[in-house]
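Just below is one structure, and these are the notes that go with it.
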Amino acid sequence: MHYVFILTLLLLLLLGPQWWVNRTMKKHSQQEEDNFPGNGGELARHLLDRFSLTNVRVESTDLGDHYDPGDKAVRLSKERMSGKSLTAITTAAHEVGHALQDAADEPMFRWRTRLARFAQFAQRLGSFLLFLAPIASVISRAPAIGMISALAAFLIMGTNVLLQLFTLPVELDASFKKAMPLLKDGYLTTDQYPAAEKILRAAAFTYLSASLAGLLNFWQWIRVLRR
């Protein structure tokens, strides 16, 4: 019976945050032509220009809303780019918040960017080690083969979990210390504040569900390697 409880709890932890994020975003995605003079892309461009970040581009993407510090680009999904909904406007402000973090060279954002680059390298190295381990096991039956597999698992999944956990405070800062003060500066009415805060919280906690899923995968790998 306790296994059923544990499984249910794990499913809630893994699927609950993502379900809540999707529900929150969808709930406030209705088009409100009368409430917003511009769409998400136009607001992003306006805010960037307001802070003299004319070098930062605003682009449409199919890869999800994000800010790319390497290309200096705020990228919004087509729905957010052209949308005049509370979700589109608030998400655009959130991504601009990351551009402001980058422009200010804030330590948390800088370290998160460095960790992301390291994670990409680590995952490539981990994949190579996973490819190497079976070949090495044919040549040698040494216990070191298990260590290679364990290291590969950490490089592929462990570094990604660390990245996701490190990202959470950066996302919260972009939401509540950057985007929300901007939106309150004449871009939203007071009755829209609570919904905007929910959307910003959802934007930040998107990474929480990814972190939990990564932790579960990493734990499963460790269990397999210990057998």
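Taking the range 129-227 as the region of interest, the helices (runs of 4 or more DSSP H) fully inside it that hold 2 or more residues being of a type in the set (Val, Ile, Thr) and modelled with pLDDT under 70 are 144-153, 193-226. Of the listed requirements (1) touching a helix residue (DSSP H, G or I) at 6+ places or on another chain (Cβ under 6 Å); (2) open to solvent by less than 60 Å² (accessible area, probe 1.4 Å); (3) of a type outside the set (S, T, N, Q); (4) at pLDDT 90 or above, Asp68 misses just one: (1). Against the condition without any contact (Cβ under 8 Å) to a residue 12 or more places away in the chain, of a type in the set (S, T, N, Q) and open to solvent by 10 Å² or more (accessible area, probe 1.4 Å), how does Thr54 come out, does it pass? Answer is yes for this residue. Screening Pro107 with (1) within 27 Å of Met157 (Cα to Cα); (2) buried (at least 19 other Cβ atoms within 10 Å of the Cβ) gives one miss only, at (2).
Restricting attention to the range 71-104, the residues that are open to solvent by less than 20 Å² (accessible area, probe 1.4 Å) and assigned to a helix (DSSP H, G or I) add up to 15. So is Asp49 at positive phi and out of contact with any Asp or Glu (no Cβ under 8 Å at 6 or more places or on another chain) or not? Here the answer is no, as Asp49 does not meet what is asked.
I'd like the full set of residues that are open to solvent by 50 Å² or more (accessible area, probe 1.4 Å) and more than 23 Å from the chain's Cα centre (by Cα), limited to the range 33-43. Listed by number, the residues that qualify are Glu33, Asp34, Asn35, Pro37. Among the residues of the range 175-194, just one is more than 16 Å from Gly38 (Cα to Cα) and β-branched (Val, Ile, Thr), namely Thr190.
The values are calculated or read from the model by the stated rules, or taken from the named source; none is laboratory data. These numbers were taken from a predicted model, which means no experiment stands behind them. Cβ sites come from the backbone with ideal geometry, for glycine too, and all protein chains shown count toward neighbours. Note: areas computed on protein heavy atoms with side chains; ligands, DNA, RNA excluded. Shrake-Rupley method; radii C 1.70, N 1.55, O 1.52, S 1.80 Å.
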